Amino acid sequence: NAGHRLVPGMFARIVLDLETRAEVLSVPSSALVEVKSKLFVLVVRNGLATRIPVDVGADDGIRAEIRSGLDAQDVVISNAVA
């Protein structure tokens, strides 16, 4: 800090992309529903909400990676209560 550009009370806000995964199916973390220690998402199939078991990979609290259970064309209901 030779130029005295940093002073007490200053702060910074940063965003770090620690890892980027291409071609990974993900849903909002709010779409995950836990029932008896198992994870599900609700999807719309044939006009009805259907609970689908999923295998979840990385979940940062915003987006959750779905390893199996969903297809890319599924319509997922977020903020669902099962």
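The values are calculated or read from the model by the stated rules, or taken from the named source; none is laboratory data. Treat the numbers as computed from the prediction; the structure is a model and nothing was measured. All Cβ positions, glycine included, derive from the backbone under ideal geometry; neighbour counts span all protein chains shown. These area figures cover heavy atoms from the full protein model, side chains too; ligands, DNA and RNA do not enter into them. Shrake-Rupley method; radii C 1.70, N 1.55, O 1.52, S 1.80 Å.
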Residues satisfying the stated conditions in region 44-82, i.e. open to solvent by 90 Å² or more (accessible area, probe 1.4 Å) and either under 13 Å from the mean Cα position of the chain (by Cα) or of a type in the set (D, E, K, R) (or both) = 51, 60, 62, 63, 67, 79
When only residues in region 1-36 that are over 15 Å from the mean Cα position of the chain (by Cα) and under 26 Å from residue 75 (Cβ atoms) count, which is surrounded by the most Cβ atoms within 10 Å (Cβ to Cβ)?
-> 35
Residues (farther than 20 Å from residue 71 by Cβ and either in contact with a Pro (Cβ under 7 Å, 6 or more places away or on another chain) or not in a loop (DSSP other than H, G, I, E, B) (or both)) located in region 31-58 = 34, 35
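Hey, any hits in region 11-21 for a residue that's touching a residue at least 12 places away in the same chain (Cβ under 8 Å) and of a type outside the set (Asp, Glu)?
Checked region 11-21: at least one residue is touching a residue at least 12 places away in the same chain (Cβ under 8 Å) and of a type outside the set (Asp, Glu).
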